[in-house]
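Q: Handing you this structure, nothing more for now.
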Amino acid sequence: MTNQLFFGDNLKVLKNSIKSNSIDLIYLDPPFNSSRDYNQIFINEYKESPSAQLKVFNDT
């Protein structure tokens, strides 16, 4: 299986179409024009204060 392009949900493609330990590269293209804000979430592992998030991408 060389030089093949798969289109669809990456988890379904990985589970159903690709053998284990045979992946060299996975390229994911994010959706565009979604009118959403995308955030990085920082989880406080000590639970002393709430988790934080930072806006990293605004898709308009």
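Q: What would the Debye formula give as log10 I(q)/I(0) at q = 0.17, 0.19, 0.24, 0.26 Å⁻¹ for the alpha-carbon point model of the chain, no solvent?
A: Scattering profile of the chain, log10 relative to I(0): -0.82, -0.86, -0.95, -1.03.
Q: DSSP loop trypsin sites (Lys or Arg not before Pro) in region 16-60 with at most 11 other Cβ atoms within 10 Å of their Cβ, which ones? Show your work: numbers first, answer last.
A: Details: sites: Lys19, Arg36, Lys47, Lys55; in loops: Lys19, Lys47.
Those satisfying the criteria are Lys19, Lys47.
Q: Considering only DSSP states other than H, G, I, E and B, which chymotrypsin sites (Phe, Trp or Tyr not before Pro) in the chain qualify as loop sites with at most 11 other Cβ atoms within 10 Å? All intermediate terms of the calculation are to be shown ahead of the outcome.
A: On the way: sites: Phe6, Phe7, Tyr27, Phe32, Tyr38, Phe42, Tyr46, Phe57; in loops: Phe6, Phe7, Tyr27, Phe32, Tyr46.
Answer by residue number: Phe7, Tyr27, Phe32, Tyr46.
Q: Right, another one. What spacing in nm lies between the two simple spin-label points modelled at Ile41 and Ile26, each 7 Å away from Cα in the Cβ direction?
A: The answer from the label model is 1.9 nm.
Q: Quick one: if you stick a label point 7 Å off each Cα along the C-beta vector at Thr60 and Leu5, how many nm between them?
A: In this crude label model, Thr60 to Leu5 measures out at 3.1 nm.
Q: Mark the label point 7 Å from the Cα of Gln53 along Cα→Cβ and return the residues of region 1-40 whose backbone N is within less than 17 Å of it.
A: The answer is 34-40.
Every number in this text was worked out from the coordinates using simple rules, so none of it is lab data. This is a predicted model, so every value here is computed, not measured. So basically every Cβ, Gly included, is an ideal-geometry build from the backbone, and we count neighbours across all protein chains shown.
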